[in-house]
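Undergrad: If you scroll down you'll find the structure; I have some questions about it.
The values are calculated or read from the model by the stated rules, or taken from the named source; none is laboratory data. Please read all numbers here as calculations on a predicted model, not as lab measurements. Cβ coordinates were reconstructed from backbone atoms using ideal geometry, including for glycine residues, and neighbour counts include every protein chain displayed. Note: accessible area is taken over every heavy atom of the protein model, side chains too, but ligands, DNA and RNA are not part of it. Shrake-Rupley method; radii C 1.70, N 1.55, O 1.52, S 1.80 Å.
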Amino acid sequence: MTDKNKIINSRTTLLKAFEGGRLGQTVMPEDSNPGFSDEDKELRFAYFSLPMALNYQRNSYKLWESALKTYIDNETKVVFDVKTVSDLSENKIRQYLLKYKLALQPNKHIATWQKISITIAENWGSFTKLFDVSDHDFLKLKKIVQQDFKKGFPYLSGAKIFNYWSFILNSYCDADLKNSKYIDIAPDTHVTKCSVLLGVISEQEAEVLSKEEISKRWRDILEESNINPIDMHPPLWFWSRNGFIYKLANDGK
């Protein structure tokens, strides 16, 4: 039986350690961005959305470094304009996305980027309009992306990446999504390791449980706390990525 109180206490400790800079290097991959003004609202949404769909089994820091290089190059920057992408040939999109290795797979990644861009352009015209139509509500956005237009959002509609994307929209795009408390934790390799270490799941369960089942375990445990599950992602991710150099028993010392 999972000791909820122990896990919740550990959660509080890790959050404090993260906020206090005691988990080691805590620069987020997405911090690699050009900085956006209020007038760049649409480009900001596109910048933090499209590369997310290519973030599968690769180094997140290199992905966002490539995204930044692609954005600041006037020739390749056009890939962040969904209407422009919708009119470009597949070969031209390939040329632009491969230039700085934003895309690593010359067929699949290009098809994913193009598909999402066309879906946005043809149905809403822009990411901004999509979020307006969804009333900036996480649950409504979830229904649109994961149900109504699921095939139009390859990879981005997946449970793990959709939740993390929603978190990034709030953190970097000031999306201020309603019902953010329903954004589940995104259990990648690092979060899964922490889940085992904290007793949320066993080593055996880590091998057989789906990402959704691990997310649900976290939601059930944190249900009585005042923290949203997704808020635990950064501290857990950095705690594992930095080799668990921070010891829970050291808190407050």
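Undergrad: Give the relative contact order (percent, whole number) for segment 170-252; include only Cα pairs under 8 Å separated by 6+ residues. Please list the in-between numbers first.
TA: On the way: 61 pairs, mean separation 32.4, N = 83.
After rounding, I find 39 percent.
Undergrad: Would you calculate the separation in nanometres between label points at residue 99 and residue 204, each defined as 7 Å from the Cα along the Cα-to-beta-carbon direction?
TA: 5.4
Undergrad: Arranged from highest to lowest average of other beta-carbon atoms within 10 Å per residue, in what order do the peptides 181-187, 166-172, 127-133, 143-149 appear?
TA: On the way: 181-187: 23.3, 166-172: 20.3, 127-133: 17.6, 143-149: 15.3.
Taking the mean over residues of other Cβ atoms within 10 Å, the ranking is 181-187, 166-172, 127-133, 143-149.
Undergrad: Per residue, what volume in Å³ does the Cα convex hull of segment 34-109 take up?
TA: Hull volume normalised by residue count: 85 Å³.
Undergrad: Karplus couplings for segment 96-110 from phi (6.51 cos²θ - 1.76 cosθ + 1.60, θ = phi - 60°), rounded to Hz, Gly and Pro as x?
TA: 5, 6, 8, 3, 10, 6, 5, 9, 10, 9, x, 10, 4, 5, 5
Undergrad: Modelled label-to-label distance, residue 139 and residue 9, 7 Å Cα→beta-carbon offset: nm?
TA: So the label points at residue 139 and residue 9 sit 3.5 nm apart.
Undergrad: What percent does the relative contact order of segment 86-189 come to when contacts are Cα pairs within less than 8 Å and at least six residues apart?
TA: On the way: 86 pairs, mean separation 22.6, N = 104.
Dividing the mean separation by the residue count of segment 86-189 yields 22 percent.
Undergrad: Through the Karplus equation 6.51 cos²θ - 1.76 cosθ + 1.60, θ set to phi - 60°, convert the phi angles of segment 180-187 into ³J(HN,Hα) values in whole Hz; use x for Gly and Pro.
TA: These are the phi-based 3J(HN,Hα) values: 4, 5, 8, 6, 7, 5, 9, x Hz.
Undergrad: In Å and whole numbers, how far do the C-alpha atoms of segment 154-198 stretch along each principal axis, longest first?
TA: Result for segment 154-198: principal-axis Cα extents of 33, 25, 17 Å.
Undergrad: Sort out for me the Cα centre separation of segment 86-153 from segment 25-65, rounded to whole Å.
TA: So the separation of the two Cα centres works out to 15 Å.
Undergrad: Further question: In nanometres, what is the gap between the two model label sites at residue 58 and residue 148, each 7 Å from Cα along Cα-to-Cβ?
TA: So the two model labels end up 3.0 nm from each other.
Undergrad: For segment 226-235, take each phi angle, set θ = phi - 60°, evaluate the Karplus expression 6.51 cos²θ - 1.76 cosθ + 1.60, and give the result in whole Hz per residue in order, putting x for glycine and proline.
TA: Along segment 226-235, the couplings run 9, 10, 6, x, 5, 5, 7, 4, x, x Hz.
Undergrad: For segment 1-155, calculate the relative contact order in percent as a whole number, restricting contacts to Cα pairs under 8 Å that are 6 or more residues apart. Please report the intermediate quantities before stating the final value.
TA: On the way: 139 pairs, mean separation 31.8, N = 155.
Across segment 1-155, relative contact order equals 20 percent.
Undergrad: Sorted from largest down, give the three principal axis spans of the alpha carbons of segment 49-204, whole angstrom values.
TA: On the principal axes, segment 49-204 reaches 49, 33, 26 Å in Cα extent.
Undergrad: If I take R0 = 30 Å and measure r between the Cβ atoms of residue 227 and residue 129 in this structure, what FRET efficiency does the formula 1/(1 + (r/R0)^6) give, to the nearest 0.05? Walk me through the numbers before you get to the answer.
TA: Details: r = 32 Å, r/R0 = 1.07.
Between residue 227 and residue 129 the formula returns 0.40.
Undergrad: To test your reading of the geometry: what angle, between 0 and 90 degrees and rounded to tens, separates the Cα axis of helix 211-222 from the longest principal axis of the chain?
TA: 50
Undergrad: What per residue convex hull volume, in Å³, comes out for segment 127-178 when only alpha-carbon positions are used?
TA: Details: hull volume 3.6 nm³, N = 52.
Hull volume over Cα atoms, normalised by residue count, gives 69 Å³.
Undergrad: For the chain, what does -39500 (n - 2.57) per DSSP helix run (n ≥ 4), summed and divided by total residues, give at 222 nm, in deg cm²/dmol to the nearest 500?
TA: Details: 13 runs with 132 residues, N = 253.
-15500 deg cm²/dmol, from helical runs alone.
Undergrad: Next up: Given a 1.4 Å probe and the protein chains all in place, what does the accessible area of residue 31 round to, in Å² to the nearest 10?
TA: Only protein atoms counted, so the area is about 70 Å².
Undergrad: Next question, about the same structure. Ordering 27, 79 from largest to smallest accessible area (1.4 angstrom probe), what's the sequence? Don't skip to the end; give the middle numbers.
TA: Numbers: 27 80, 79 0 Å².
Largest accessible area first, the list is 27, 79.
Undergrad: Also: Under the 0.36 nm per residue contour assumption, what length would be gained going from the current alpha-carbon distance of residue 159 and residue 92 to full extension?
TA: Working: separation 67, 0.36 × 67 = 24.12 nm, distance 3.05 nm.
21.1 nm is the gain from fully extending residue 159 to residue 92.
Undergrad: What is the dipole size for segment 1-118, taken about its Cα centre, with +1 at each Lys and Arg Cβ and -1 at each Asp and Glu Cβ, in debye to the nearest 20? Don't skip to the end; give the middle numbers.
TA: Working: 18 positive and 14 negative charges, 122 e Å.
Taking the Cα centre of segment 1-118 as origin, the dipole is about 580 debye.
Undergrad: How long are the three semi-axes of the equivalent ellipsoid of segment 1-139, in whole Å, if each is the root of 5 times an eigenvalue of the C-alpha gyration tensor, listed from largest down? Please list the in-between numbers first.
TA: Numbers: eigenvalues 214, 73, 47 Å².
Listed largest to smallest, the semi-axes of segment 1-139 are 33, 19, 15 Å.
Undergrad: For residue 77 and residue 27 in one chain, what is 0.36 nm times their gap in residues minus the Cα-Cα distance, to one decimal in nm? Walk me through the numbers before you get to the answer.
TA: On the way: separation 50, 0.36 × 50 = 18.00 nm, distance 2.43 nm.
The residue 77-residue 27 span can extend by a further 15.6 nm.
Undergrad: Could you pull out the pairs from 92/150; 69/211; 62/108 whose alpha carbons sit more than 21 Å apart here?
TA: Over 21 Å apart, Cα to Cα: 92/150; 69/211.
Undergrad: Something else: With loop defined by DSSP as not H, G, I, E or B, and exposure as at most 16 other Cβ atoms within 10 Å, which is the longest segment of the chain clear of exposed GluC sites (Glu not before Pro)?
TA: Values: sites that count: 75, 223, 224.
That would be 76-222.
Undergrad: Just the number, please: carbon plus sulfur as a percent of the accessible area of the chain, 1.4 Å probe, no ligands or DNA/RNA counted. List each step's numbers first, then the result.
TA: Numbers: 5970 of 12440 Å².
Heavy-atom surface of the chain belonging to carbon and sulfur, 1.4 Å probe: 48 percent.
Undergrad: Under 5 Å between amide hydrogens, which residues at least 5 positions from residue 137 or on another chain qualify, with H placed 1.01 Å from N in the peptide plane?
TA: 178
Undergrad: Then there is this: With angles folded into 0 to 90 degrees, how steeply does helix 159-173 sit against the dominant principal axis of the chain? Use alpha carbons for both and round to 10.
TA: 80
Undergrad: Please give the per residue accessible area of segment 50-151, computed with a probe of 1.4 Å over protein heavy atoms only, in Å². Display every interim value, and only then the final one.
TA: Working: 5150 Å² over 102 residues.
I get 50 Å² per residue for this part.
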